[in-house]
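One structure is given below, encoded as structure tokens.
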Amino acid sequence: MNTAAHSSVFGAVHLGHVVIETERFADWRRFGTDAIGMHRDELDTGLMRFRLDEQECRFLLQRGPAEDVVATGWHVDDHAAFEQIEARVRARGVPVVEGTAEQAALRGVERLLRFPGPKGITQELCTTPLTSREPLRMLASGWVTGDSGMGHVAITSARPTLMHGYFHTVFDARLTDYIDETISGVKLKIRFLRVNERHHSIAIAAVRGLPIDPVRTRVQHLNIQAARLDDLARSYQRVHELGFEMALSVGQHTNDKELSYYARTPSGFEWEVGWNPIVIDETTWEPSTHRGISTWGHTPVGGSIIAKLDQFRTGARSLTRREKTVPALSGTGVPDD
């Protein structure tokens, strides 16, 4: 096997884009543009993109029934690292498909490879993101992307060790820390993984002691980072004024110290707008466990007994179906945590 495939790509990988499948374009248009405050580009009746910065695409919305995230895109700094990751995936017998020219153009990248990921979320490997000449038209003053990538993805899983192993194998993801939390009597353990200086690009939440997944959607939430505290506060106000559901009020997390709130998207998963998380210093950082998700705030907003019962029903149904994993990419180098 090629030795290059084993050299670390940590730091060269960044969350670059997310693909969402939805039929609720009108609601997403209001949510993304008027509430959250991102730049929107309409491509045709079945395609829409949101921008956060100079890159052509950060969120691609395509028409379909899933009402969920269907792919996450990882921008890789150079062709050498891109080919290292490709070699790892191919060497383990996992099918890799080269994206079409149209798919690459929609995502605003030059090179695009697609391969299976946990929970059926396609992983997309990209290089050389394209920039737009069109000035940003958005309500926010800006969003933090750059070397940290554009935010993070949080996923619930009944197979957290396999999921951790997947991102370690493919991207050399490192464990940043854990959070233990009890919500409505259910004990959760959350693993936070980083692929660069951002505290985490992937969060994996699991119910301790029970192989259930309490969330309908493949992702529990997506996160983007506001450039200024004022951007966070104003978007929070707009979400309320426009009538979108708020999941959690403003609060501060125990581990990354990010100030944030969580709104519910038109597709049902949550959307976290955050501000000012810590940046990891690789020379000094050691993983630890935090008790509780938040030092203050992040209190549930609204909700009902019916909604809680639906969540328990979802968890019960998850016992009857096996979570999608990619065993060939999920088994090495990770302690059984």
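A short reminder: the numbers here are calculations on the coordinates, not readings from a lab. The structure presented is a predicted model; accordingly, all values stated were derived computationally and were not measured. With ideal geometry, Cβ positions are generated from the backbone for all residues, glycine too; neighbour counts draw on all protein chains shown.
Just a few scattered comments:
- Pairwise Cα distances in the chain exceed 37 Å in 11 percent of cases.
- Zone residues, the range 215-242, relative to W285, backbone N less than 19 Å from point 7 Å out along Cα-to-Cβ: 223-226
- Mean projected area in nm² (Cα convex hull; one quarter of hull surface) for the range 220-299: 6.0
- The fewest-to-most ranking of D44, D230, D53 by surrounding Cβ atoms within 10 Å reads D44, D230, D53.
- Kirkwood Rh and Cα Rg combined as Rg over Rh, evaluated for the range 3-129: 1.00
- Taking trypsin sites (Lys or Arg not before Pro) across the range 176-238, the ones in a DSSP loop with at most 13 further Cβ atoms lying within 10 angstrom of their Cβ are R208.
- Count of lysine pairs in the chain with Cα separation under 24 Å (8 or more residues apart, or interchain): 10
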